[in-house]
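First up is the structure itself, then whatever we jot down about it.
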Amino acid sequence: MATRAIHQLLAGYSNGDAISNEARTLRSWFQKWGFESEIYCEAARILPELRKVSRDVSTLLTDVDEGDVVMLHLSIGSDVNDILPQLKCKTVIRYHNVTPEGYFRALDEHLAGLLAKGRVQMKALAGVADLNLAVSSYNAGELSEAGYQDIQVLPLALELRRLDAKPNREVIEKYRDGKINVLFVGRCVPNKRLEDLLYAFYYLQKFQTPNCRLIHVGSFAGAEAYLAMLQSLKRELGLEHVNFVGSVPEADLCAYYQVADLFLCMSEHEGFGIPLLEAMQAELPVMAYASSAVPETMAGAGFLFKEKIFDELAAWIPRLAGEGVLREEILAGQRRRLEAYDAQDIEGRLRELLQPLI
């Protein structure tokens, strides 16, 4: 039976989410190739404004033919993951990594339970799909340990040029005031180790330069207890000019990247690390803890560190944030990394990998 459609299956579908963004990009590719393509998700986990451009997963079993292909984006525990083995069509697993639940214990037991479920489901799906795609070699290693065979690494389909959008001038005017702006972009969740950002910023503000600011951009929905802990730590350390701005529109995000002088990442678990590349695109020197898939994403660029010695890291920030040879060398290396990433034909490679199925 000829392939009529290539559909995607997600645990949740929203705006701004990395997996949702990639699903939209892939759908546009599949449609360009001449296939029907829909995004399926539990109705309760689809944003109201996206319900017209997505479908309830309850209809998937009756919507697909034997010759079709369904790709599951696997990143968390969900009932949608259990649907894949029931499908009679060709199937693909796109593994984005499941964050270890230990980071969330005592702070968000519900999410910790979903992550634990996701790990169990990930292992149970070994051998089920016709094609296994990991977004990084780090993720491929996890699949291999879980018993998966013939794993292919396909980097994320990114649209970094979205940062070229017109920035919010109000944000730029507010934050371009002469202070050194240290930026981190990512969800307000424990594996990102935002408390370590505060510790490094403490040494920067108290012992290097008081004329500095820390900006965190990222959703803290569902992580209110963690945010409260961070606010308490901020007060205990006596820090000033620490801004947790939450989730923001794209124009604001562009503006925050523009006003920043340096990007600092303390995260201990990343399946890829999109903001690292976004910061490179924004011409920001990137300092990042060399954990999980971060070294792979950086690919030799930026300033990687293997130990979190906060006073030493703080001493490097003014050197990288200010004008000088070191900053220019870092930025030149990051440009080469971006050029190499852009040179990859991810669309062509995906079509090549899917060809035996379609």
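Residues in the range 24-56 that are modelled with pLDDT under 95 and among the small types (Gly, Ala, Ser) were compared, and the one that is nearest to residue 3 (Cα to Cα) is 54. Of all residue pairs spaced 6 or more apart or on separate chains, those with beta-carbon atoms under 9 Å, a first member in the range 27-40 that is without any contact (Cβ under 8 Å) to a residue 24 or more places away in the chain and under 18 Å from residue 346 (Cα atoms) and a second member that is charged (D, E, K, R) and not in a loop (DSSP other than H, G, I, E, B) are 32/347. Close contacts from the range 172-190, counting a first residue that is of a type in the set (S, T, N, Q) and a second that is modelled with pLDDT of 95 or more and assigned to a strand (DSSP E or B), with Cβ to Cβ under 9 Å and a gap of 6+ residues or different chains, come to 181/212; 181/213; 181/214; 181/215; 181/262.
Can you give me the number of residues within the range 124-133 that are of a type in the set (Gly, Ala, Ser) and in contact (Cβ under 8 Å) with a residue 40 or more places away in the chain?
1
It is to be established whether one or more residues within the range 283-299 are surrounded by 21 or more Cβ atoms within 10 Å (Cβ to Cβ) and touching a His at 6+ places or on another chain (Cβ under 8 Å). Yes, the range 283-299 has at least one match.
Go through the range 173-202 and count every residue that is at positive phi and surrounded by 14 or more Cβ atoms within 10 Å (Cβ to Cβ).
Within the range 173-202, the first condition is being at positive phi, and the residues that meet it are 178, 186, 193.
Next, from what is left, pick out any that are surrounded by 14 or more Cβ atoms within 10 Å (Cβ to Cβ): 186, 193.
Selection size over the range 173-202: 2.
Of the residues that make up the range 161-172, is at least one in the same structural domain as residue 256 (by TED's automatic domain parsing), at pLDDT 95 or above, on the phi > 0 side of the Ramachandran plot and not in a helix (DSSP H, G or I)? So far as the range 161-172 goes, no, none of its residues is in the same structural domain as residue 256 (by TED's automatic domain parsing), at pLDDT 95 or above, on the phi > 0 side of the Ramachandran plot and not in a helix (DSSP H, G or I).
So, of the residues in the range 57-94 that are touching an Asp or Glu at 6+ places or on another chain (Cβ under 7 Å) and assigned to a loop (DSSP other than H, G, I, E, B), which turns out to be modelled with the highest pLDDT? Step by step, filter the range 57-94, then rank; the result is 89. When 323, 328 are screened for being in a loop (DSSP other than H, G, I, E, B) and either buried (at least 16 other Cβ atoms within 10 Å of the Cβ) or at negative phi (or both), only 323 passes.
The values are calculated or read from the model by the stated rules, or taken from the named source; none is laboratory data. What you see is a predicted model, and the numbers here were worked out from it, not measured in a lab. Cβ coordinates were reconstructed from backbone atoms using ideal geometry, including for glycine residues, and neighbour counts include every protein chain displayed.
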